[in-house]
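The structure appears right after this line, and notes come after that.
The values are calculated or read from the model by the stated rules, or taken from the named source; none is laboratory data. Because the structure is predicted, anything quoted here is derived from the model rather than measured. No Cβ is skipped: glycine too gets one built from the backbone with ideal geometry, and neighbour counts run over all protein chains shown. Surface accessibility is based on the protein's heavy atoms, side chains included, excluding ligands, DNA and RNA. Shrake-Rupley method; radii C 1.70, N 1.55, O 1.52, S 1.80 Å.
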Amino acid sequence: MTAPTQQVDVRFHLPPGPPLPPKTWQQRYRWPIRIGSVIVALTVTVLGVLALVVGVDSRSTITAAGAVTIDCGTRAAVGSAQVSFGDTVELYDADDVHGGPLATTRLDTLRVMGGDTCFAEFEVDDVKTVDVYVVRMGKTFRGLATAEGLRTGYLFV
């Protein structure tokens, strides 16, 4: 049987050296470093709050887009709605029945889908985000659309 080996604890100790020179630069620049640190911290805080405000504000508006099916020859809506290419489109907040329109635009883009079917499209930027919109087109058409529906391009039938 072999005897267990002992591990030797090896440590290196350096002899004490001469005293370190005093750090006069730290004494000389203590206040400018503190003031600079406060300025940098305040700048970062202000930029963070500004980014948060701009982000929240940009989420409070949408680009609303939609279309209605029309006949390419007559440029009038297919069905009973009295809507035609070039008519006014108004977006209202469905919860605010007495308020004015949030946005006004026209059916000003014509997209040919094939045959006699076309889409009269509208798009308006910076519309206040609400839960449900009332969309008025032409003389008599009124429809409901959600913010997500208008954000992705709602097809009114």
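A few remarks follow.
- Dipole magnitude of region 18-108, debye to nearest 20 (Cβ charges: Lys/Arg +1, Asp/Glu -1, about Cα centre): 1300
- Per residue, region 40-119 exposes an accessible area of 62 Å² to a 1.4 Å probe, with every protein chain left in place.
- For the chain, a crude dipole built from +1 on the beta carbon of Lys and Arg and -1 on the beta carbon of Asp and Glu, taken about the Cα centre, is about 1220 debye to the nearest 20.
- Largest to smallest accessible area among ASP71, ASP95 [probe 1.4 Å]: ASP95, ASP71
- Projected label distance in nm at GLN6 and THR104, using a 7 Å step from Cα toward the beta-carbon: 10.0
- Comparing PRO101, ILE35, VAL10 along the charge dipole axis of region 1-144, the residue lying farthest to the positive side is VAL10, per the Cβ-charge model.
- Ordered by 1.4 Å accessible area with all protein chains kept, HIS98, HIS13 run largest first as HIS98, HIS13.
- Split the accessible area of the chain by element, probe 1.4 Å, and carbon with sulfur accounts for 59%.
- Region 70-156, relative contact order [Cα under 8 Å, separation at least 6], %: 28
- Shown are TYR92, TYR154, whose ranking by accessible area with a 1.4 Å probe and every protein chain present, most to least, is TYR154, TYR92.
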